[in-house]
1. Would you mind checking the tilt of helix B:38-50 against the longest principal axis of the Cα atoms of chain B, expressed as 0 to 90 degrees and rounded to 10?
2. With the contact rule set at Cα under 8 Å and sequence spacing of 6 or more, what percent relative contact order holds for segment B:239-337?
3. At a threshold of 8 angstrom on Cα-Cα distance, excluding pairs fewer than six apart, so keeping six or more, what relative contact order does segment B:1-145 reach in percent?
4. Just add up the charged neighbours of B:Pro75: K/R +1, D/E -1, any other residue whose Cβ is under 10 Å from the Cβ of B:Pro75.
5. Placing one identical point scatterer on every Cα of chain A and ignoring solvent, what is log10 I(q)/I(0) from the Debye formula at q = 0.07, 0.09, 0.12, 0.14 Å⁻¹?
6. Quick one: buried accessible area between A and B, total over both chains, 1.4 angstrom probe, nearest 100 Å²?
7. B:Ala156 label points, 7 Å along Cα→Cβ, one per copy: pairwise distances from this copy to the rest in nm, shortest first?
8. Place a point 7 Å from the Cα of B:Ala265 along the Cα-to-Cβ direction; which residues of segment B:207-227 have their backbone N under 18 Å from it?
Protein chains: 2
Amino acid sequence: MGRRPSRDRATIGDVATEAKVSRATVSRVMNGLATVDPAIAERVRATAVALDYRPNQVARSLALGRTQTIGYVVPDLTNPSFHSGLRGLSRAAAEQGYRVLVADSAEHADEEPGLALDTRRRCDAVVLVAPRMSESDLARLLPDLQPAVLLNRVVAGAGLPQLDVDWASGIRDLVRHLSGLGHRRIAYLQGPVASRSNTARELALAAATGVEVIKIRCGAMFPDGHAAAGQVLDSGVSAVIAFNDVVALGLLGALHELGTDVPGALSVVGFDDIPFAAYTWPPLTTAWVPQEEMGRLAWQRLSALLTPGHPVVDDAPVLLRPRLVVRGSTGRAPLRV
Amino acid sequence: MGRRPSRDRATIGDVATEAKVSRATVSRVMNGLATVDPAIAERVRATAVALDYRPNQVARSLALGRTQTIGYVVPDLTNPSFHSGLRGLSRAAAEQGYRVLVADSAEHADEEPGLALDTRRRCDAVVLVAPRMSESDLARLLPDLQPAVLLNRVVAGAGLPQLDVDWASGIRDLVRHLSGLGHRRIAYLQGPVASRSNTARELALAAATGVEVIKIRCGAMFPDGHAAAGQVLDSGVSAVIAFNDVVALGLLGALHELGTDVPGALSVVGFDDIPFAAYTWPPLTTAWVPQEEMGRLAWQRLSALLTPGHPVVDDAPVLLRPRLVVRGSTGRAPLRV
DNA sequence: TTGTAAGCGTTATCAA
DNA sequence: TTGATAACGCTTACAA
């Protein structure tokens with residue numbers, strides 16, 4: 001038997017009794033069904049207001065079989081690249097009366113499957129961002145997660161919508177830009193080794209011609225980029241491609257401290273185009289990633305999956321192309337002595 | 001009558017039938033009640049696994065009268081100052097099995113009451129961040145929102161926990177720091193006029209002695225700070241206090257473009273200490289705000305409110321003190337000619 | 001220790 | 001057009 005809620009709200013039954021109609025009629029009025037006598041409808045509405053009645057969403061969800069909520073599972077909420085996606089998702093979903101439940105795995109990739117499943121059980125669907133989850137965990141998880149869409153990652157034959165960034169295209173643009181400026185030796189600040197998108201970047205770099213790429217272990221956060229400055233300078237490159245903008249900004253800070261001229265002595269590029277990138281000094285050249293649009297597209301896919309009788313799922317991965325944004329942190333390669 | 005979910009999951013009834021026990025027993029096993037015969041418990045668990053049974057959270061919520069979810073209502077998810085709070089809240093709540101439902105009002109202050117109420121109906125409680133909601137809307141809203149805690153704002157006699165930043169103290173620290181460096185005329189880049197925390201800052205500035213404060217209309221985002229650079233330079237001040245770090249960084253970007261020496265010709269301070277602040281050039285002097293701790297404290301208050309028979313609510317506002325963080329963007333005032 | 005049955009607050013079917 | 005009533009999937013007081 002259930003417990004009475006502490007603040008006892010009016011229920012649909014209270015309204016029905018008070019308005020001298022059945023609960024069914026109250027329900028019809030509240031849901032705007034037209035088949036109700038206008039006079040009665042008006043009376044019901046008045047009593048509802050008088051009793052300060054608000055439909056219990058949980059009970060509705062149980063009866064309807066849907067919660068009008070979708071989950072968004074990410075490794076770290078404080079990472080700026082997930083914000084735009086969340087914003088896009090949240091606003092698009094809101095337009096159709098859906099809410100977003102956010103789950104942050106605090107970077108514990110091993111707990112992500114459990115977290116995702118738990119989130120899923122409270123929602124109608126989930127959007128999963130899990131760049132470091134192992135392929136096998138992911139394969140095991142996905143069937144239980146549906147309806148779901150996978151963000152920032154592609155898994156073959158998963159049978160669900162997948163939206164990813166065309167990392168390779170972004171890297172190619174950056175390399176082309178740098179090599180056009182005369183850079184021949186370029187450092188790459190690696191992201192987390194387990195990260196899929198890092199792998200994608202490295203593959204694209206390996207395929208680049210006309211430039212030599214020096215890989216340097218790094219990470220995904222400010223301090224990682226900051227700490228890598230020494231190695232970058234020692235490597236004797238004339239340009240650096242950072243895993244992302246956050247790393248690039250960390251590096252930029254350290255280079256300033258060391259008195260290195262950017263872009264005079266060293267060109268620096270990032271990836272993502274987070275809002276800060278335009279306001280650093282020098283402003284950061286980077287590859288803009290349409291994260292907010294990804295969020296919107298994710299909702300669009302989910303929305304289709306949630307619509308009864310929706311057409312067959314097209315699970316061909318959608319790759320969104322980054323766009324090169326040239327700012328002040330890149331310049332001509334210094335002449336070699 | 002409810003609709004069957006599309007992917008028909010096993011219910012507690014299926015498990016009961018299959019394991020040849022009652023649903024009550026399955027429930028007891030699933031909830032770890034000790035009063036079950038070990039052999040039976042084991043059988044139930046095995047059947048649950050075999051049927052891939054997962055308790056329906058919505059049904060649980062309805063029966064228990066709680067959702068194990070709390071809402072977090074903010075004006076704009078992309079504003080970095082809300083991220084740490086969300087992170088603190090989300091992680092603290094997760095430790096006790098609670099999830100966070102995020103609602104973003106997209107800066108529409110007039111829609112916030114409705115949004116907050118709707119969010120509340122899906123949750124057991126909400127954390128409200130509404131810096132620009134009118135006093136009257138807020139007063140009307142709060143009684144319907146409880147249990148709730150108010151963040152970044154104080155309302156007299158609201159009867160709910162309130163956590164706010166001691167803006168005045170932070171401003172005083174910044175002013176003292178600047179005046180100690182010889183600055184006598186200081187510009188203040190105003191935040192949104194309707195913002196409570198902006199008002200608090202302005203009051204503290206008005207009370208400051210020994211310095212003259214020039215107010216300049218600005219805003220809360222990068223472009224606002226960027227656009228204010230001209231007015232700042234024209235005003236002939238030697239130091240600027242920006243509404244927040246984001247504005248300060250926007251300003252810093254514009255000052256670089258204009259070739260203004262920071263801090264040689266102009267000192268700049270922000271407010272918040274967002275993660276980026278340490279990595280700009282020069283690194284930003286600012287007032288650190290314990291946002292993540294606020295999130296944790298908010299959960300602590302909420303958790304108390306949600307505990308049956310909790311002690312009386314102490315609704316005296318808690319003011320968290322910022323801490324001055326001196327970095328490179330401030331220096332001695334240039335000698336006046 | 002286990003089962004029966006009522007209850008949580010809705011929606012929806014069907015008969016009136 | 002309206003009202004009984006079953007159903008959604010779970011928890012729990014009470015009886016056995």
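1. Approximately 70 degrees, to the nearest ten.
2. For segment B:239-337, the relative contact order is 35 percent.
3. Computed over segment B:1-145, the figure is 21 percent.
4. It works out to a net charge of -3.
5. Here the Debye-derived log intensity ratios amount to -0.41, -0.60, -0.86, -1.05.
6. Accessible area lost upon association: around 5200 Å².
7. 7.0
8. What the label zone holds, given the 18 Å backbone N cut-off, is B:226-227.
The values are calculated or read from the model by the stated rules, or taken from the named source; none is laboratory data. Note that the coordinates shown come from a computational prediction; the quantities given were computed from them, not determined experimentally. Please note: Cβ atoms are built from the backbone with ideal geometry, for glycine as well, and neighbour counts cover all protein chains shown. These area figures cover heavy atoms from the full protein model, side chains too; ligands, DNA and RNA do not enter into them. Shrake-Rupley method; radii C 1.70, N 1.55, O 1.52, S 1.80 Å.
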